[in-house]
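The values are calculated or read from the model by the stated rules, or taken from the named source; none is laboratory data. Note that this is a predicted model, so its numbers are computed, not measured. Quick reminder, even Gly has a Cβ in these numbers, built from the backbone with ideal geometry, and neighbours come from all protein chains shown.
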Amino acid sequence: MSDPARIEILRAGERDAEALTRISFAAKRYWGYPERWIERWRETLTITPDFIRRNEVHMALVEGEPVGFYALTGDGSQIELEHLWVLPERMGVGIGRALFDYAVRRAASLNAEVLEIESDPNAEGFYRRMGATRVGEINYSIDGHRRTLPLLVVEVENHRTANPAVRALRSARHRPPPP
């Protein structure tokens, strides 16, 4: 587990677009997808300054370096967790948990009741451990291969994080800003 005191979560700025794009591509490649699929997903994986400007994008820093990020899109009672990526070499040490908890708390501060997640199949277990419930799926074909993307939701008000490292991040320094 990463030392929670070493993880800093900040609002991303337009200047962070390139670093966040590198993180999303590295994390997606971690799952061993063919490069031609990665190229097909280029638009979705590319984080632009405009995307950062229009959405809630926060990044995790360790020793001042970006190691992960999340993005919330939409408004109202249902908000979507459109991105949550962690550098492969930083997976499994609590950064994803910290980002997820922060995203849920930020969604709550935006008056969301439900956080929706269209998950990569490889990330479903992570989201379910974080308290998400599977409510459906999206099926499609890519290069003749059937893909099933789990659709998950988190009831924002009922979200509880049992991880002590994440609870430690709830200090005043890491509270989401008011809406």
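Side notes on the structure shown:
- Output for segment 72-92, where each listed residue is within 16 Å of Ala123 (Cα to Cα) and in contact with a helix residue (DSSP H, G or I) (Cβ under 7 Å, 6 or more places away or on another chain): Leu81, His83, Leu84, Trp85, Val86, Leu87, Pro88
- Any hit, segment 57-75, residues being farther than 15 Å from Leu20 by Cβ and within 15 Å of the chain's Cα centre (by Cα): yes
- Some residue of segment 60-72 being among the hydroxyl-bearing types (Ser, Thr, Tyr) and either crowded, with 23+ Cβ neighbours inside 10 Å or within 14 Å of Arg11 (Cα to Cα) (or both): yes
- Any hit, segment 27-39, residues being out of contact with any helix residue (DSSP H, G or I) (no Cβ under 8 Å at 6 or more places or on another chain), aromatic (Phe, Trp, Tyr) and either in contact (Cβ under 8 Å) with a residue 24 or more places away in the chain or crowded, with 19+ Cβ neighbours inside 10 Å (or both): yes
- A Cβ distance below 8 Å, combined with a sequence gap of six or more or placement on separate chains, defines the contacts here; from segment 69-92, residues that are at positive phi reach no residue that is modelled with pLDDT under 95 and in a strand (DSSP E or B).
- Screening Arg53, Arg105 for residues that are assigned to a helix (DSSP H, G or I), at pLDDT below 95 and either of a type in the set (A, V, I, L, M, F, W, C) or more than 24 Å from Arg147 (Cβ to Cβ) (or both) leaves exactly one candidate, Arg105.
- One residue from Gly68, Gly32, Gly76 being within 19 Å of Ala103 (Cα to Cα) and in a loop (DSSP other than H, G, I, E, B): Gly76
- Residues that are among the charged types (D, E, K, R) and touching a strand residue (DSSP E or B) at 6+ places or on another chain (Cβ under 7 Å) were ranked within segment 1-39; the one that is modelled with the lowest pLDDT is Arg6.
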